[in-house]
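Quick notes on the structure that follows.
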There are 2 protein chains.
Amino acid sequence: MTTPRRAARTPLLERLVPLVGFVRRSDRASLRTDAVAGLTVAVMLVPQSMAYASLAGLPPVAGLYAAIVPVVVYALLGTSGALAVGPVAITALLTSTALAPLAAGDPWRYAALAGLLALMVGALQLLLGALRLGVLVSFLSHSVLSGFTSAAALVIAASQLKDLLGLRIPRAEDFVGIVTSVAGALGTTQGLTALVGLGSVAALLVLRRFVPRLPGPLLVVVVATAVSALAGLGERGVRILETVPAGLPAPVVPPLAVADLTALAPSAAAIALVAYMEGIAVAKALAAKAGQRVDPNQELIAVGAANAAAGVFQAFPVAGGFSRSAVSFQAGARTPVASLVAALVVAVTALVLTPLFFHLPSAVLAAVVVVAVLGLVDRASAVSAWRTRRSDGVAVLLTFAATLTLGVEPGLAAGVVFSLAVFLWRSARPHTAELGRVPGSAVYRNTARYEVLTDPAVLLLRVDGPLYFANAERLTDQVTGIVEDRPDLRAVVLDASAVSDTDTDGAHALDALRERLADRGVALHLATVRGPVRDLLARAEVWPAFTAVGAVHRDVAAAVEVVDPGGRSPLRSPAEPARTDLSGVL
Amino acid sequence: MTTPRRAARTPLLERLVPLVGFVRRSDRASLRTDAVAGLTVAVMLVPQSMAYASLAGLPPVAGLYAAIVPVVVYALLGTSGALAVGPVAITALLTSTALAPLAAGDPWRYAALAGLLALMVGALQLLLGALRLGVLVSFLSHSVLSGFTSAAALVIAASQLKDLLGLRIPRAEDFVGIVTSVAGALGTTQGLTALVGLGSVAALLVLRRFVPRLPGPLLVVVVATAVSALAGLGERGVRILETVPAGLPAPVVPPLAVADLTALAPSAAAIALVAYMEGIAVAKALAAKAGQRVDPNQELIAVGAANAAAGVFQAFPVAGGFSRSAVSFQAGARTPVASLVAALVVAVTALVLTPLFFHLPSAVLAAVVVVAVLGLVDRASAVSAWRTRRSDGVAVLLTFAATLTLGVEPGLAAGVVFSLAVFLWRSARPHTAELGRVPGSAVYRNTARYEVLTDPAVLLLRVDGPLYFANAERLTDQVTGIVEDRPDLRAVVLDASAVSDTDTDGAHALDALRERLADRGVALHLATVRGPVRDLLARAEVWPAFTAVGAVHRDVAAAVEVVDPGGRSPLRSPAEPARTDLSGVL
């Protein structure tokens, strides 16, 4: 049931390089649509990748590099037809947080470390994919991811204020530090820069709101660059990109030092997790709309290989981005051919078009980042989570607050730990329901929810959850307590239909409960014990003590027939006896 | 249902002072056994408490103080009948580590800080107990406890070899260090000491094996002391206790300084947890053997109050000790009366009886400890756990190995983390079963376990486990995969009877699955959704999309009736329709 069935039927080449299958299943028309979508994405990708490179603390050209080879690699290996891989805001932020303390202001070392980090992220993702451990990623809940993304968006937006307003302040990584230094330096705002920056923000917002089909970032970049060149903004104190080197990245293996590997490991783990989660979520959503299928483990391999390529080709960690993927899908992308076209356009840009960016003000790139990430602040998820389950809402808020106050990685870690702790806490205190019979039926339901018939001599108790070391003692204590409170009880029927799993402690606790109740003259019966639980009880040598006395039943109704030999219990089902022999069915 | 019922019936005084209940439930014979056990413990407690005070960097008299009032306080409030509270090696070591850098060689300040540390430890434990956070301890599984106990027994036994054989080697705390130094010093074995030590071990083993009702440790101690005095063993090179100082403690509140509180806070937290974990682990193990029950929250309060008393009565942090508790239990202690007697004996001893122990060889005390703890090496649990579930067996072995190699605290931590990780891992990959109908019945069972009837147009799938963030995507992917593989499918019925809980992610994944299947023309139906899960789906606003199309059913049979309107499916139950209207029953 858990083994994917398609793998066996898919040719080897197609399994290793899913692009082959995409192309095989495509026709000329759809490939043309993909090419158009690729062009559309490239138009966003060029300015965004340069902007995200700045956010990561790298020269803009590193963003172009991250949008060429890694994009091609993902296009070959990925199973999503619309996912647009490349630099994204949050991994850029995590990259900058990881590298700033290590590089000590040395841009060469910074660039080398960025490559190393991407290699590490790629290696981790490839390893997880090869070991089919994509399931590890699932321990990052959407509540945590939502709180983290919202906070990271605010951190990113705040970090761009410096470039947006032309402030001369040192780089800061944490939200409080950024806001404090920005607030202290507002008096030094460079008027012309602020005009360009805030003007670009306004233009981007207006374009997105009223002309969503136009490539806003590209338009703003083109217009601003032209204005900057004509008005000589660079000579009037507005920071411009100046020379963006032309050419394609040559492969360079970053130097490996144990100290760097150790220092970067936590960040690499966080980026690997976040990059994959963001991509897979988008990929699944778009695949569902397109009637396609995404393979989570293959996605890990594809994005891992893309990151490894980013590491070797002078770039920085990449991920499947939300906004560009959505644009790509809306423009008709259904196969990775779209990504190939986008990468080609970026490559051409890197080869011949970089002189055009000489006069582009940094404030415009900052505006592109700010407008992109403000859309990531997700209030709706927080409200929905809070309404659905308080602890999920707390997870969103706690991750949000921790990310803002403690920093991005501790914030993410706090969210993951909190959500796992909540799960463990709930599992340790499982819900239980006392059951009665719905009149006129063989249906047994919670006495607290339905008008049902009960019997003072028989306790029907349903336990909702795995019976394991953290709750076994608590549950057996609870049953013992009820039995002590009700002297008329003759039998306890444990409805184990919702006991999904157990362990050695659970098995022994059940055995101890049986003995404890027997000492009080109360028989313990089990109903609807699921197969895996049955197997474990047998291996623990607990099962025979129940079967030997006929205390195991296929369901509650069958148990009642045995514990009520007189046939007068209100719990007894009115149904006809089964027409066939069900004695072998548990 | 989740509120403990016993508490309400237990008289208030007995709830506040569990000793009252212990005494009420005891008879004269058992109280006499407790008194003998208390005497036996006291004989160990006097020299051990002084030794541990030295280890903590305090004058020996502080050890005696720690063994009087704190022991009485624990005896009044504790729920363990055999736990021997007092100075223990690990907390003594942690105390010395915490205080040495602060006291700067000033013995008065050192003693005051020791009291302050004990007060802080006590306050933390009382706080946890008052907040009823003792449930935290249930995350310590019996498998982990068994591996920890076995390894700790070996560590303690090895630590006694030095005294048992009269070796002149420095004290070491970890197993490898102890074994290495003992092995290197075996050539320096003091013959007469080894004779006394090994002879005592033999005597204790023979007494325990053939005359288990006699207080072996006490007999051996008395006989050995007499022999030592008569034969003048102390003058022949056998280490004897010699002069034990005298005195009773007066209450003194240690001076509180904010700087000290801040500096000691981390150590206080560590000691509070370690002391409690060690004590509760021993208490749980011994209670299980005696058929008693330990209340984790009350234990926190009891040991917290004992530490507060230690702080006020010029002592240092105390805990439930491993070896003395084992000796106490083996000597027959079943109620805290044993501790009261021990404290009384220590108090009397401190005033007038110390000369009696002048000639007692240290090797005899070592023999008492060795024989006591070797009985706690628990091979049977390891074998049973391994046979029942491989991961439980691994938990035993891993905790055992980690405790021996990494130390007592890291070993325990490794075991707890491993067992929680196993639980999370299993929860993230829940068991699922495709169901079919048992012929001639309305019973639906796993197709892999029973000869059942199935329908290519209807998938009946049971999910065994909570549907939550770590498994929701995996499960919905799995269902989507099956649907893609079976083009004849018209409906999927998810039997949620074993889905014990869910969260925001689970709810949204279910909704996404419904939409995804609908896109493929397959209807998703839910059967036997448990009340709490239903409530959450409603709050997540996912429920109405199912109820609006009649896709929610009280059980699988009812779901089949709806998804098979033609009435020709082999899944359809042959049972008569219910005689009553069950439309309101879910």
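Miscellaneous remarks
- Unique match (being assigned by TED's automatic domain parsing to the domain that holds B:L467, of a type in the set (A, V, I, L, M, F, W, C) and touching a Pro at 6+ places or on another chain (Cβ under 8 Å)) among B:L489, B:L510: B:L489
- One residue from B:A538, B:A559 being of a type outside the set (K, R), open to solvent by less than 30 Å² (accessible area, probe 1.4 Å) and at pLDDT 90 or above: B:A559
- Residue that is farthest from A:T454 (Cα to Cα), among those in region A:516-543 that are outside any helix (DSSP H, G or I) and among the β-branched types (V, I, T): A:V542
- Meets criteria (charged (D, E, K, R), open to solvent by 10 Å² or more (accessible area, probe 1.4 Å) and in contact with a strand residue (DSSP E or B) (Cβ under 8 Å, 6 or more places away or on another chain)) for B:D495: yes
- Test result for B:T547, on the phi < 0 side of the Ramachandran plot and either surrounded by fewer than 21 Cβ atoms within 10 Å (Cβ to Cβ) or of a type outside the set (D, E, K, R) (or both): yes
- A:L376 vs. criteria open to solvent by 20 Å² or more (accessible area, probe 1.4 Å), touching a helix residue (DSSP H, G or I) at 6+ places or on another chain (Cβ under 9 Å), aliphatic (A, V, I, L, M) and not in a helix (DSSP H, G or I): yes
- Comparison of B:T349, B:T399, B:T388 shows that the only residue that is under 28 Å from B:I68 (Cα atoms) and not aromatic (F, W, Y) is B:T349.
- So B:A367, is it in a helix (DSSP H, G or I), more than 7 Å from chain A (Cβ to nearest Cβ) and over 22 Å from the mean Cα position of the chain (by Cα): yes
- Here is the figure for region B:137-166: residues that are more than 10 Å from chain A (Cβ to nearest Cβ), under 19 Å from the mean Cα position of the chain (by Cα) and assigned to a loop (DSSP other than H, G, I, E, B) total 0.
- Positions within region A:417-435 being more than 10 Å from every other protein chain (Cβ to nearest Cβ) and under 15 Å from the mean Cα position of the chain (by Cα), in sequence order: A:V417
- Candidate set: region B:492-547, residues that are of a type in the set (S, T, Y) and within 10 Å of chain A (Cβ to nearest Cβ); chosen: the one nearest to A:L140 (Cα to Cα): B:T504
- Only one of the listed residues (B:F148, B:F175, B:F210) is closer than 30 Å to B:L356 by Cα, in the same structural domain as B:V408 (by TED's automatic domain parsing) and among the aromatic types (F, W, Y). That residue is B:F210.
- In region A:172-190, the residues that are assigned to a helix (DSSP H, G or I), hydrophobic (A, V, I, L, M, F, W, C) and free of Cβ contacts under 8 Å to residues at least 24 places away in the same chain: A:I178, A:V179, A:A183, A:A185, A:L186
- Given (1) open to solvent by less than 10 Å² (accessible area, probe 1.4 Å); (2) within 11 Å of another protein chain (Cβ to nearest Cβ), number of the condition B:S381 does not satisfy: (1)
- So A:S573, is it outside the structural domain of A:D455 (by TED's automatic domain parsing) and open to solvent by 20 Å² or more (accessible area, probe 1.4 Å): yes
- Restricting region A:455-476 to residues that are free of Cβ contacts under 8 Å to residues at least 40 places away in the same chain and at the interface with another protein chain (Cβ under 7 Å from one of its Cβ atoms), the residue that is farthest from B:S143 (Cα to Cα): A:D464
- Residue within region B:97-106 that is buried (at least 20 other Cβ atoms within 10 Å of the Cβ) and more than 14 Å from chain A (Cβ to nearest Cβ) present: yes
- The numbered conditions (1) touching a strand residue (DSSP E or B) at 6+ places or on another chain (Cβ under 9 Å); (2) within 10 Å of another protein chain (Cβ to nearest Cβ); (3) closer than 18 Å to A:V73 by Cα are all true for A:V294 except (1).
- Whichever residue in region B:166-181 is out of contact with any Pro (no Cβ under 8 Å at 6 or more places or on another chain) and either open to solvent by less than 20 Å² (accessible area, probe 1.4 Å) or small (G, A, S) (or both) and, among such residues, is modelled with the lowest pLDDT: B:A172
- Selection within region B:544-574 - part of a helix (DSSP H, G or I), free of Cβ contacts under 8 Å to residues at least 60 places away in the same chain and hydrophobic (A, V, I, L, M, F, W, C): B:A545, B:F546, B:A558, B:V562
- Any hit, region A:54-65, residues being in contact with a Ser or Thr (Cβ under 8 Å, 6 or more places away or on another chain), more than 20 Å from A:V369 (Cα to Cα) and open to solvent by less than 30 Å² (accessible area, probe 1.4 Å): no
- B:V452 meets each of the listed conditions (1) closer than 30 Å to A:G393 by Cβ; (2) within 10 Å of chain A (Cβ to nearest Cβ); (3) crowded, with 21+ Cβ neighbours inside 10 Å apart from (1).
- Residue ID - most open to solvent (accessible area, probe 1.4 Å), chosen from residues in region B:514-524 that are in contact (Cβ under 8 Å) with a residue 12 or more places away in the chain and over 18 Å from B:A472 (Cβ atoms): B:R520
- Qualifying residue in region A:218-234 (condition: under 31 Å from the mean Cα position of the chain (by Cα) and closer than 27 Å to A:V69 by Cα): yes
The values are calculated or read from the model by the stated rules, or taken from the named source; none is laboratory data. Only a predicted model underlies this, so the values are computations on that prediction, with no experimental measurement involved. We place every Cβ from the backbone using ideal geometry, glycine too, and count neighbours over all the protein chains shown. For accessibility, only protein heavy atoms count, side chains too; no ligands or nucleic acids. Shrake-Rupley method; radii C 1.70, N 1.55, O 1.52, S 1.80 Å.
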